[in-house]
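Okay, so here's the structure we're looking at.
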């Protein structure tokens, strides 16, 4: 059995790259406010670095500024064949290889299969299949149980989230990126727990926590499963190596 491997790097908040044997995927890449003007920050993706990667894809789940920054379109000048897969709520013109998507879409670009699911806020969530690996990035698909919501609104949020997860769970997912937002207080782990138990990804990676890395450790401890099943993150720019045996 030949292992299928990938290198997953966390940048900030919900931003990750996934490097597989033949592709380099970037999800919801933004720079934190404290380093936006620092050209030497190590989590800044530079065109000269990306130009060395194979088959670069950039995914943006929606237009909120904690998931999207227009600077990503500067890459296409130096990165040959770069592809952008964008929620259709993003308004941009003039760049090449733009693919706008809404929930329920399917497209195949070269050898990459992409399915989109809904969000419980704005935009879409992504299921990406390539190199015999399947990744799911939630975007703002979360169980938004805010304490100041009415009971009816809280129930609506739960129903909407679980309805979408019932669609996602039809697919075998290797790695999933799921929000564990500390602003939700005691409900921060509800989405991750439901996702993990319903979808059963091989590895769940927490996201949407800005720099509150402690929350990833709290979530992992709450789940009480091996660390290889729920990742713990410690800093910006950290990489995780994922390997899946080819059956």
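The values are calculated or read from the model by the stated rules, or taken from the named source; none is laboratory data. Not measured: the values here are computed from a predicted model. Here the Cβ positions follow ideal geometry from the backbone for every residue, glycine too, while neighbour counts run over all protein chains shown.
The single residue among 227, 197, 185 that is in a helix (DSSP H, G or I) and either touching a helix residue (DSSP H, G or I) at 6+ places or on another chain (Cβ under 6 Å) or free of Cβ contacts under 8 Å to residues at least 12 places away in the same chain (or both) turns out to be 197.
Return yes or no: is residue 195 surrounded by 15 or more Cβ atoms within 10 Å (Cβ to Cβ) and either under 12 Å from residue 230 (Cα atoms) or over 16 Å from the mean Cα position of the chain (by Cα) (or both)?
yes
Residue pairs whose Cβ atoms lie under 7 Å apart, separated by 6 or more positions or on different chains, with the first residue in the range 156-170 and assigned to a loop (DSSP other than H, G, I, E, B) and the second loosely packed, with under 15 Cβ neighbours inside 10 Å, are 169/198. Filtering the range 80-130 to residues that are closer than 26 Å to residue 52 by Cα, in contact with a helix residue (DSSP H, G or I) (Cβ under 6 Å, 6 or more places away or on another chain) and surrounded by fewer than 20 Cβ atoms within 10 Å (Cβ to Cβ) leaves 95, 96. Annotation note: of 102, 53, 36, 108, the sole residue that is out of contact with any strand residue (DSSP E or B) (no Cβ under 8 Å at 6 or more places or on another chain) and either at pLDDT 95 or above or more than 17 Å from residue 134 (Cβ to Cβ) (or both) is 36. Against the numbered list (1) touching a strand residue (DSSP E or B) at 6+ places or on another chain (Cβ under 7 Å); (2) part of a helix (DSSP H, G or I); (3) over 21 Å from residue 164 (Cβ atoms), residue 217 comes up short only at (1). Against the conditions (1) at pLDDT 95 or above; (2) over 16 Å from residue 13 (Cβ atoms); (3) in contact with a strand residue (DSSP E or B) (Cβ under 8 Å, 6 or more places away or on another chain); (4) not in a loop (DSSP other than H, G, I, E, B), residue 244 satisfies every one except (1). For the range 55-79, filtered to residues that are touching a helix residue (DSSP H, G or I) at 6+ places or on another chain (Cβ under 6 Å) and not in a strand (DSSP E or B), the residue that is nearest to residue 13 (Cα to Cα) is 75.
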